[in-house]
Every structure is written in C-alpha cells, then in structure tokens.
1. Counting helices only, and only those DSSP H runs with n ≥ 4, report the 222 nm mean residue ellipticity of the chain as the sum of -39,500 (n - 2.57) divided by its residues, in deg cm²/dmol to the nearest 500.
2. State to the nearest 20 debye the size of the charge dipole of the chain about its Cα centre, where the only charges are +1 on K and R beta carbons and -1 on D and E beta carbons.
3. Nothing charged except the Cβ atoms of Lys and Arg (+1) and of Asp and Glu (-1): what's the magnitude of the dipole of region 578-675 about its Cα centre? Round to the nearest 20 debye.
4. Can you tell me how much longer the chain between Glu203 and Asp142 gets when fully stretched, taken as 0.36 nm per residue apart minus their C-alpha distance, in nm with one decimal?
5. Report the dimensions of region 99-174 along its three principal axes from the alpha-carbon atoms, largest first, rounded to Å.
6. Are any of the pairs Lys297/Lys461; Lys237/Lys380; Lys36/Lys407; Lys370/Lys407; Lys182/Lys341; Lys297/Lys448 more than 30 Å apart by Cα-Cα distance, and if so, which?
7. Which FRET efficiency value, to the nearest 0.05, is calculated for Thr402 and Lys452 with the Förster distance at 25 angstrom and r the Cβ-Cβ distance?
8. Using the Cα centre of region 157-218 as the reference point, and only Cβ charges (+1 on K/R, -1 on D/E), how large is the resulting charge dipole? Debye, rounded to the nearest 20.
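Every number in this text was worked out from the coordinates using simple rules, so none of it is lab data. Everything quoted here is computed from the prediction, not taken from an experiment. Cβ placement follows ideal geometry from the backbone for every residue including glycine, while neighbour counts extend to all protein chains displayed.
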Amino acid sequence: MSQNAPRAAALVGPYTSGKTTLLESLLFVTGAIPRKGSIKEGSTVGDTAPEARARQMSSEVNVATTSYLGDKWTFLDCPGSIEFFQETQNALLVCDMAVIVAEAVIERALALAPLFKFLDDHRIPHMVFINKMDTASSRVRDVLEALQAVSARPLVLRQVPIRDGGEAITGYVDLVSERTYKYKPGSASDLVPLPEGEKEREEQSRRTLLEALADFDDALLEQLLEDTVPDKTEIYKHLTRTVQEDRLVPVFLGAAEREHGVRRLLKALRHETPQPSATAARYGIAAAGEPAARVFKTFHMPHSGKLSLVRVWRGEFSDGEHVHGERLSGLFAMLGHQTAKQAKAAAGEVVAFGRMEKVRTGDLLTPSGKPVAGAEAWPKPITALFSAAVQAENRQDEVKLTAALQKLTEEDPSLSFEQRADTHELLLWGQGEMHLNIAIDRLKDRNKLQVKARPPQIPYKETIRKPVTQHARHRKQSGGHGQFGDVKVEIKPLPRGAGFEFVDKIVGGAVPRQFIPSVEHGVRDFLPRGPLGFEVVDLSVTLFDGQFHAVDSSDMAFRTAARMAMSEGLAKCDPVLLEPILEVTISAPNEFTSNVQRLITGRRGHILGFNAKEGWKGWDETTAHIPQSEIRDMIIELRSLTYGVGTFAWRFDHLQELIGREADQVIQARQAAASA
C-alpha cells in the first residue's frame, strides 16, 4: 500500500498542444476509463461543456481523479488559450506539479513565456512533455533551445529519441537508467538494445544532465570532476530533490495520441512530484491546525447547483459537517463533469463541495471559519482587456441577466460586469473576443437567456471654447396662477478636468433666494446632453441677474428658464467634442517592440517611452497615450503580432479635443442613434 498522500498535477500549455488528448491517455493507462475519447467526436472526459465541444477547445479547467500503482492522482486539464489564463493560474496554485505540454515547433515556444514566468514566480515544480513527436519536423535539441530561451530554470533532457532507419521516432533512451525502449502501440514500451551509433549521443546527453544536477550539489560536482560515475540511485535522488525544489526542469518526449511516453511520464510524476504537505507549506499553510481547503474553481451546474472545487491542504472534511459557517451538502470526486459522492476527503484530495452559497473562488475554508495564520493571500484576478455591451432581448429578463452575470463572474473571476452611468450600458469585461463569446453562450445555454451584445459606446464628452452671456424668460398664462421665471447667466469654459461649477452672484433679490437652487437644477438638467449630443463638462455657469413675479414665479418656472438659457447659450459657446485618452502600457518581447510602436501610431497613439520590463528577461514595456475608441480590439491585433503573448494595462488619463472628420463621424453616429 502506497504511503503517498493524494497528489495533483496540472496539464498546461498552448492551444492545440494536446493536453486533453494527454489526459485521455493518462486516464486510459491508469484504468480510469475503458477507452479513450475523441475531441472531434466530443467524447473526451475533458472539454465536456457545450461551448468547449462546439469549438473543440478547452474553456475551463477539467478535473479527473484516478490512481496509479496505489497512488491517488488528480489531473487538472487547463485551457490553452491565453484568454482563459485565469483558469490555468487558479489550477496551478493548488497543484503539486505542472506538466507543460509543448509541441516540437520552435516558433511556438515563445507562447509559453507567460506560463514559465508564472511557474517560476510561484515556485511551482514543473516538467515539460514535448508532444506529437511522431509528426515532429524539428530537432529535439533545437526545440529545447527555444524552450530554454523562455525559461528562467535550466531545462534538461531526461530522454533522447531513437529513430529506426528514417526520420520516424520509434522509442527513446532513458538518460538515468541508460535503458532503451521501443514504443509499442496500446501497451508499455519494449526494452531493446541501444542501436548502433547512438552510444556517443546518449553519453553526451547524459553528461549534460549530470552537469546540470551538479550545479546544485557540490558532492556530485566533485564526482564528475574526478570522472567518477555516480550510482543511478544517487542520480535519481539528486533529480527528485532538484525538481521538487523547482530548481531544474526535466524534459520528456512522446505522442499522447498513441500513448508514446505516457507511462514514462507517469513514473516520473510518481517519483518527482512533491507531497501535498510540502506544497501547502510553500503557501504558508502549516501541517498542524484545523482542516483547511482552498477553493480554486466554482461551477453552477444546471441540476446539481453550485459546486466549489477545492484542494484539501490538511485534515479531513466530512459530508454534512459545517464549514465556514455553512453546511457541507455533498462531497464529490470528479471525472470531467461526472460526480461521484464520497463521505470524506483527506489532505491532498481534490473534491467538490456541494451547495456552499457564500463561498467564493480563492477562499481558504476551515470548519471554524477562522483564517489560517501565515497562509499566502490568493492573487487578484487578471485585469480585463476587452468589453461588450450586453442586454437581454426581452426587457423582462433584465433582473435575471444580472443574476446570471453574477454566477458567471463567480465561475470565472477574470470576467466582470458594470453598469456604466455615463453611457447607460451594462458592460461585460473579459480577456478577449473569444472569452466574451463563450461567456454569452453560457448565458444562453445554462440560463436560457437570449442576450444581445455589441461594441460599447465610448464615453465622449463635450465642452465649450468661448464665454457667452445668455438671457432667458419663461412666461406662461393659462388661467389662475401663471408661470414666470427670468434669468441671466454667464457661461464660460473651465480648465480641462475642472468639472462643473455653479456660481450665485445675485444681489438685491433680483431672484429670490428660494428659487436659486431651482436655477442650478435647471442648469444641471441640460448638462447630460449638450448641443453635440454628449455630456457637457468643464464649464462654469454664473447666475448674476433676473426677475420674478410675486404671484406667478415658482421653482418649476425658474428651473425651466435655466434650461432655456443653457439650450440657447451653449450652442453659441463654440462647443467641441472631447474624447477620452488612456495611458496604456504594452508588454511584449523586445523583438516585437518596433511592431508595438507601429501598432500605437496606427491607432492615433502618442508614444511616451519604453523600458525593459522589470523581472522579465528580454521583454519591453512601451507606454503611450491612446484614444479609448482605438483600444477595444487592440488586444486582438497585439496578440497576433506577438505570438499571443503581448498584453497591456490601461487607465484613464485625460480628455482631449477631437475635431475634423473623426469628430463629425462621432457626432453623426450619436444623432443617428438618438433619432432611431
């Protein structure tokens, strides 16, 4: 019986690298499933969500529990698209080991840079599985060199491929055991003699592995300097320690679709993955104390309700007990979206807690509800970069839409929504176009909501460029008391960003004190929509004279007179459109800095400067002022220019006058929308 606690490994890597196929092979080899599913047929354990199967891509983390040689394992299959990187990050923060699934394509190595950086920053042990070796056209050495360029940790081959005559890879040599294996479809590889002519290459690769290990062990270094061959058992110990300490990254080869290399990967995981107690300690969670579990994913399932996926860090949780102030209503093991109820969950297990309505992703749960002393805080969600204005096609569903969006953002914290007061739109924010399209599909599929989405309005403003004095009188007589209000105001521009001010300069009671607030209300009534059709900002209105009637004057009369003064006066003040300008910081590898600068100037941006990005070797940050109207789809172009790794951060900086053809187009569009 194994003495290992249940362990968890995340499968991560770019879109199309083969993570879901690898998961199928791992589950098949370990006996968790009787046959492997197909992505094309929609029969895999992973990617069970309708929106994922429709696109043949992962859109959320998939969880599958199995066992191998007496050890219990949970594999977390993570999305490959950068737009779903939040899902990947959350899964990585609860796993003991990450398996980076990469293709043997040199050009695609750069796409792994953010992933390697996240793993290194959080000290998460990881290994690389170069997949699809049966169809690889690049040399392993060249692929390794490309991967090393984006990894701060040294990468070392654990295997070298062997070829049978032509270019086809038929097996591998294990560089520690020095045994040679030939792939055998559907079963474990056969042990075969080392082919002639391969001995020198194998010895050179093995020496490279040992020298890499010796960088972290003086005794091993001394042995190598004395040309002493270390014992294989000692090499395995050195390898296990350095991998578990996240100081070195072993690289394995295979083809998941054919199960090539999958069993060897499992053996490496079994020996080199740290225990969950060590992972918990890395996050500041001591072994002693009341039970503790971290929520890393939330599902709202159509039939079973809310499920909170957790990694149990210490102690034991039982179905029915009280956790964090709520009763635990169901405790489940997961195999894709299939659930199997169990009575208890021990340290190391990944399970789903049922119907804990107050619990959120990132929460560290304890039975008492007390915080765990010393535990690292859960990171903030990734900043949103792309938005769409959403509304229910049926107005009666608006309240239902808000509730559904709340559930969506619980499931995926990199989604957010807000009600924009200046444009009166409900905005859904995410990481890109695909991210929002899938979110909207979920609203339709899971909540039966018909939702319309469109590009959001840009919060243009307008202001004035010259002062005007305006007189307005409102008089109406219709029997009984009439209406009378008379005002004289001075309207003048203020410096940019000053906002609005109302000044009372009435003397001698020309306008009675009780009516002056009504004048201000009337002035403010006109500010949301000026002569160009936008909110008016950065102006001062001074009430300096007027008249009143002892019987017919009223609050409403003076409010109406003030609105008339603004309507007539603002049009004479030389109104001008203002567009919001953002300060944008774009991050990308420095080989793309010139492309980034062209992107900025092509979007009417002004470059402020660029510097090396702190903590990112070979990356630059370029800062610029860019109109808000130009950045909505900028992330799509930026990713296209940078192999998917470029990103940006932004904040509002200032309003700037917009004139000429661009301004005319904006004003005409607003007028057309108003008359529609």
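1. -8500 deg cm²/dmol
2. Using Cβ point charges on Lys, Arg, Asp and Glu, the chain gives about 1740 debye.
3. 180
4. The Glu203-Asp142 span can extend by a further 20.1 nm.
5. 43, 25, 16
6. With Cα atoms farther than 30 Å apart: Lys297/Lys461; Lys237/Lys380; Lys36/Lys407; Lys182/Lys341.
7. Given R0 = 25 Å and the Cβ-Cβ separation, E is 0.95.
8. The calculated dipole for region 157-218 is roughly 340 debye.
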